[in-house]
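Comments concern the structure below.
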Amino acid sequence: MDARTALREAADRLAATSDTARLDAEVLMAHAMGCTRSDLLLRHMAAPVPPAFAALVERRLAHEPVAYITGRKEFWGLDLIVGPAVLIPRPDSETLIEAAQAHFGTRAPSRILDLGTGSGALLLAALSLWPQADGLGLDRSPEALAVATANAAQLGLRATMRPIDWTQAGWTSGLGTFDLILANPPYIETGEPLALSVEAYEPHDALFAGEDGLDDYRVLIPCLPALLAPDGIAVVETGWTQAGPVSALAQERGLATRVHLDLAGRPRAVEMAVKRRED
């Protein structure tokens, strides 16, 4: 069987478990062939099917995310290593980088902090824009830090990863201040139904945050004023219904807020800054 026929059959089977069945099949075939998806479509459609392809399709039929099957995910144009220890970076999270880019304009932040760095996606995307910045990623998971460290190394970006749990008292001691703070904390309500590919495979401690999904914001936001440098900003991801409550939590701590929309026009990130006296 050639790749063209196998892709058609795999897409038909995957349609029962995936809204992107054809794309999934193409990515898995390219992975099995050891080539890019573009190369597959342009040059290898008549090639014989690699023996590994069938097993990859079976894993996807069991709802395992394609990114975990291939071990890679693109974010902000960066090819990142991912695995079950870290959340899969989503395109919506690029909203945070766009917000930071708009804030700094032609300037560059000197110090960047990523809270709960996971794969390092946010920190490394920011460092790809400002490679001379001092980047620090924190995570309580040693496995996640190993992934983030590997990503920084393969991309040649200068970043320090440290095992710090920002939900524990005293975690800010000795960190200093930062021009840019990024965070994608857990924000899903406990018990909220999720796609099986998320619920069964992605790390729950990076997903759930109490009955209203705001528990981690209540811990994180009070720490931000002391961590922000003058004219610095924090940009925090939210669920699309949470921008209002998160903004209110920030304003209670004396922070000015601005909401940023994702590509679908939904509230996705809250930018926070220490109010100036004239504000």
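Among the listed residues GLY265, GLY213, GLY191, which satisfies the condition of being open to solvent by less than 10 Å² (accessible area, probe 1.4 Å), without any contact (Cβ under 8 Å) to a residue 60 or more places away in the chain and more than 18 Å from GLY137 (Cα to Cα)?
GLY213
For the list (1) among the small types (Gly, Ala, Ser); (2) touching a residue at least 40 places away in the same chain (Cβ under 8 Å); (3) open to solvent by 10 Å² or more (accessible area, probe 1.4 Å), I need the number of the one condition that ALA54 fails.
(2)
So for the stretch 93-108 (the condition being of a type in the set (A, V, I, L, M), without any contact (Cβ under 8 Å) to a residue 24 or more places away in the chain and either buried (at least 22 other Cβ atoms within 10 Å of the Cβ) or not in a loop (DSSP other than H, G, I, E, B) (or both)), does at least one residue qualify? Outline the logic, then answer.
Step one: list which residues in the stretch 93-108 are of a type in the set (A, V, I, L, M), which gives 96-97, 99-100, 102, 108.
Of the ones still in play, those that are also without any contact (Cβ under 8 Å) to a residue 24 or more places away in the chain are 102.
Those left that are additionally either buried (at least 22 other Cβ atoms within 10 Å of the Cβ) or not in a loop (DSSP other than H, G, I, E, B) (or both): 102.
Scanning the stretch 93-108 turns up at least one residue that is of a type in the set (A, V, I, L, M), without any contact (Cβ under 8 Å) to a residue 24 or more places away in the chain and either buried (at least 22 other Cβ atoms within 10 Å of the Cβ) or not in a loop (DSSP other than H, G, I, E, B) (or both).
Taking the criterion of being touching a helix residue (DSSP H, G or I) at 6+ places or on another chain (Cβ under 6 Å), of a type in the set (A, V, I, L, M) and over 30 Å from ALA229 (Cα atoms), would at least one residue in the stretch 64-77 satisfy it? Spell out the reasoning first.
Initially, the stretch 64-77 is screened for residues touching a helix residue (DSSP H, G or I) at 6+ places or on another chain (Cβ under 6 Å), giving 65-66, 69-70, 73, 75-76.
Imposing the further condition that a residue be of a type in the set (A, V, I, L, M) reduces the set to 66, 69.
Still in the list and also over 30 Å from ALA229 (Cα atoms): 66, 69.
Checking the stretch 64-77: at least one residue is touching a helix residue (DSSP H, G or I) at 6+ places or on another chain (Cβ under 6 Å), of a type in the set (A, V, I, L, M) and over 30 Å from ALA229 (Cα atoms).
Looking at the stretch 94-125, which of the residues that are more than 19 Å from the chain's Cα centre (by Cα) and among the hydroxyl-bearing types (Ser, Thr, Tyr) is farthest from THR177 (Cα to Cα)?
It comes out as THR106.
Is there any pair linking a residue in the stretch 61-74 that is touching a residue at least 12 places away in the same chain (Cβ under 8 Å) to one that is assigned to a helix (DSSP H, G or I) and surrounded by fewer than 17 Cβ atoms within 10 Å (Cβ to Cβ), with Cβ under 6 Å and at least six apart or on different chains, and which?
Close Cβ pairs satisfying both conditions: HIS63/LEU196; ILE69/ARG59.
From GLY170, GLY176, which residue is assigned to a loop (DSSP other than H, G, I, E, B), in contact (Cβ under 8 Å) with a residue 40 or more places away in the chain and out of contact with any Asp or Glu (no Cβ under 9 Å at 6 or more places or on another chain)?
Going through GLY170, GLY176 in turn, just one is assigned to a loop (DSSP other than H, G, I, E, B), in contact (Cβ under 8 Å) with a residue 40 or more places away in the chain and out of contact with any Asp or Glu (no Cβ under 9 Å at 6 or more places or on another chain): GLY176.
The values are calculated or read from the model by the stated rules, or taken from the named source; none is laboratory data. Keep in mind the model is a prediction, meaning the values are calculated, not measured. Neighbour counts run over all protein chains shown; Cβ positions are idealised from the backbone, glycine included. The protein model used for the area step is the full one, side chains on, heavy atoms only, and it has no ligands, DNA or RNA in it. Shrake-Rupley method; radii C 1.70, N 1.55, O 1.52, S 1.80 Å.
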